[in-house]
Amino acid sequence: MRTILGKMHLKWCHHCNLPVLDKVCNICRNEPVKVELTPPGDARPAFEKEIEFIENLIKEQFGTNKDILKGRIVLMNKLPGNEDMQEIIIDGQVVANLKYDNGWKIIPKLEGARRIVNANGYKKIVVIKEDVIPYLLDKSSSVLRPGVIYASEGIKKGDEVIVLKKINGKDEDVVAVGRAKMDYGEILKAEKGVVVKVRHAEEPKKAYKLKTSKKNLRGLFKDMVKANEDVIRRFEENSVGFMRNTAKKMNLPITVAYSGGKDSLTVLLLALKAFDREEFNVLFTDTGLEFEETLKNVDIVQKTYNIRLIKEESNEFWEKLEEYGPPGRDYRWCSEICKLKPLKRLIDKHYPNGTLTFVGLRKYESFNRAKKPRIQKNPNIPKQINAMPIHNWSAMHVWLYLFKNNAPYNKMYEKGFDRVGCYVCPAMELGEIDKVKREYPELWEKWEEFLKKWAKKVGYDEKWIEGLWRWKNPKIKNKNNKL
Ligand SMILES: [Zn+2]
């Protein structure tokens, strides 16, 4: 995966406690340390609201009474595949996973568990006999009932639990993290059997914490930009050079595709560096399923940069829906109707002889993208040549660039969304659907109403309405993709 998608850039300056994408930190000149995260490693910064959400989740789940993430940059790394899981990174290491599985859940790593215990999180702990510890460390074997001295009253089978060698409120008592295999009541009664299926075990030690800052998140973001100034400038220069060269080579009218998302905003900013404002037009196709914030953002961006915007709209979705039924991952009629058709119309009308369009695609986003050449004909609209100035940027490069330029990015990112496309999409994960329900209940209600109507008509059950609708033929779902 690493070789296909390119190298992972994310490192951490342990002196400044900031992510650094370069060989040295531009603030302290120290060498940053690689962050061990799951490839492709397209991590992004979390914003205030998301940080607060996670902080509260930790408090609820583990009973902590102190903040764990405060005064630090928090990064989120979405795991590849269909799993609804993100790694939470602070202090240069993955401290926990955030998972959606019929609700949001924290799955702590050992470093996370040490911080939880430090913050008095005793709601889900199991204390074991000292002589059991070597076995756990040796083979990461399970915690068996005879080795257990104490268990928190609230433990339910399936809970994430922290295994301690004793309780005295110290991080260095953490031995392991894992999943409970018994309820508290069962633990009391049982004489044998597995109490905790251990996920990670390690020699007890103190949490590896870096210094915290008194600054708010905005202040920390500013420091993060400062620590990365050289690398941001280098990436900008390369992409601007690529855009100028491509424009010269193609000799076509220049356009920039804008979607209201962070990647296309970056490309727009780069275009403003590479060309005069009058040399290009910006294209926006409204699918008719855009979030209000996205439409607002398009307006703001147009005004901020005084760009020439060409819009085209689709409003066929709801009408076609009655005919075709819900779009699925294996039945993507919606991209044809909502994206391709209006774009085709737009190109035919304004660029009958073709256009060179700069798009915000990045290879870190998917294998399919990684394999594509940097310049290629749009397979569906041959008149449009697409070029990808930021194909080698990670999400961190993009965010650093936007922060550095005080760019007016879509406010949806501050609500914890990874992507800002249509509010109904079969590509959505269940966690994403949950966020839409939470933040935009009225939008989702309209969709759910349709699903209920359709389910009744075709004879589908509740499970289908909850999420199986995302496949036309639910049987083709792979087994990792369980509801
Ligand atoms: Zn530094």
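The values are calculated or read from the model by the stated rules, or taken from the named source; none is laboratory data. It should be emphasised that the depicted structure is a prediction, and the values quoted were computed from it without experimental measurement. When we count neighbours, we look across all protein chains shown, and the Cβ atoms used for this are built from the backbone with ideal geometry, even at glycine. With ligands, DNA and RNA removed, areas are computed over all heavy atoms of the protein, side chains included. Shrake-Rupley method; radii C 1.70, N 1.55, O 1.52, S 1.80 Å.
Where Lys and Arg each count +1 and Asp and Glu each count -1, what net charge lies around Glu229 among other residues with Cβ under 14 Å from its Cβ?
Numbers: positive: Lys23, Arg29, Lys222, Lys226, Arg233, Arg234, Lys404; negative: Asp22, Asp223, Asp230, Glu236, Glu237.
Computed value for this residue: +2.
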FRET efficiency, Lys166 to Leu295 (Cβ-Cβ, R0 45 Å, nearest 0.05): 0.20
Accessible-area value, Tyr135, 1.4 Å probe, nucleic acids and ligands omitted, Å²: 150 Å²
In nm, spacing of pseudo-spin labels at Lys66 and Glu313 (7 Å Cα→C-beta vector): 5.4 nm
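In the chain, what % of DSSP beta bridges are antiparallel (nearest 5)? List each step's numbers first, then the result.
Values: 42 of 61 bridges.
The answer is about 70 percent antiparallel.
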Convex hull projection area averaged over all views, the chain, Cα basis, nm²: 24.8 nm²
Accessible surface of region 23-113 [probe 1.4 Å, protein heavy atoms]: carbon and sulfur percent: 48 percent
Between 0 and 90°, nearest 10: helix 441-458 axis offset from the chain longest Cα axis: 90 degrees
Tail fraction, Cα-Cα pairs, region 105-187, threshold 18 Å, whole percent: 34 percent
For region 2-201, the fraction of alpha-carbon pairs in successive 10 Å shells from zero, as %: 9, 32, 32, 20, 6, 1
Principal-axis tilt of helix 292-305 within the chain, Cα atoms, nearest 10 degrees: 60 degrees
Summed residue charge, Cβ within 13 Å of Phe280's Cβ, Lys/Arg positive, Asp/Glu negative: +1
Rg ratio (alpha-carbon, reference 2.2 N^0.38 Å) - region 248-375: 1.13
Stokes-Einstein D in µm²/s, Kirkwood radius over Cα pairs - region 214-279 at 37 °C with 0.692 mPa s viscosity: 239 µm²/s
Angle in degrees between helix 229-250 and the longest Cα principal axis of the chain, rounded to the nearest 10: 30 degrees
Order of exposure, largest accessible area first, which applies to Glu55, Glu278, Glu172 with probe 1.4 Å: Glu278, Glu172, Glu55
Accessible area (Å², 1.4 Å probe, nearest 10) - Ser142: 40 Å²
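Summarise the accessible area of region 114-193 (1.4 Å probe, protein heavy atoms) by the percent that is carbon and sulfur. Write down the numbers at each step before the final one.
Details: 1960 of 3900 Å².
Of all accessible area on region 114-193, carbon and sulfur atoms account for 50 percent.
Can you give the accessible area per residue of region 111-260, in Å², using a 1.4 Å probe? Numbers along the way, then the final one.
Values: 7750 Å² over 150 residues.
Solvent-accessible surface per residue comes out at 52 Å².
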Residue order for Phe235, Phe284 - accessible surface, 1.4 angstrom probe, largest first: Phe235, Phe284
With every protein chain in place, region 281-359: carbon and sulfur % of accessible area (1.4 Å): 47 percent
Heavy-atom accessible area ranking, 1.4 Å probe, most first, across Glu52, Glu236, Glu87: Glu52, Glu236, Glu87
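Only helical DSSP H runs with n ≥ 4 go in: add -39500 (n - 2.57) per run for the chain, normalise by residue count and round the 222 nm mean residue ellipticity to 500 deg cm²/dmol.
Numbers: 16 runs with 167 residues, N = 483.
The helix-only estimate for the chain comes to -10500 deg cm²/dmol at 222 nm.
Accessible area per residue of region 356-483 at 1.4 Å probe, in Å²? Intermediate results must be reported in sequence, preceding the final value.
Values: 6040 Å² over 128 residues.
In whole numbers, region 356-483 has 47 Å² accessible per residue.
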In Å², nearest 10: area of Lys197 left accessible to a 1.4 Å probe: 110 Å²
Along each principal axis, Cα extent of region 317-439, largest first, Å: 40, 39, 28
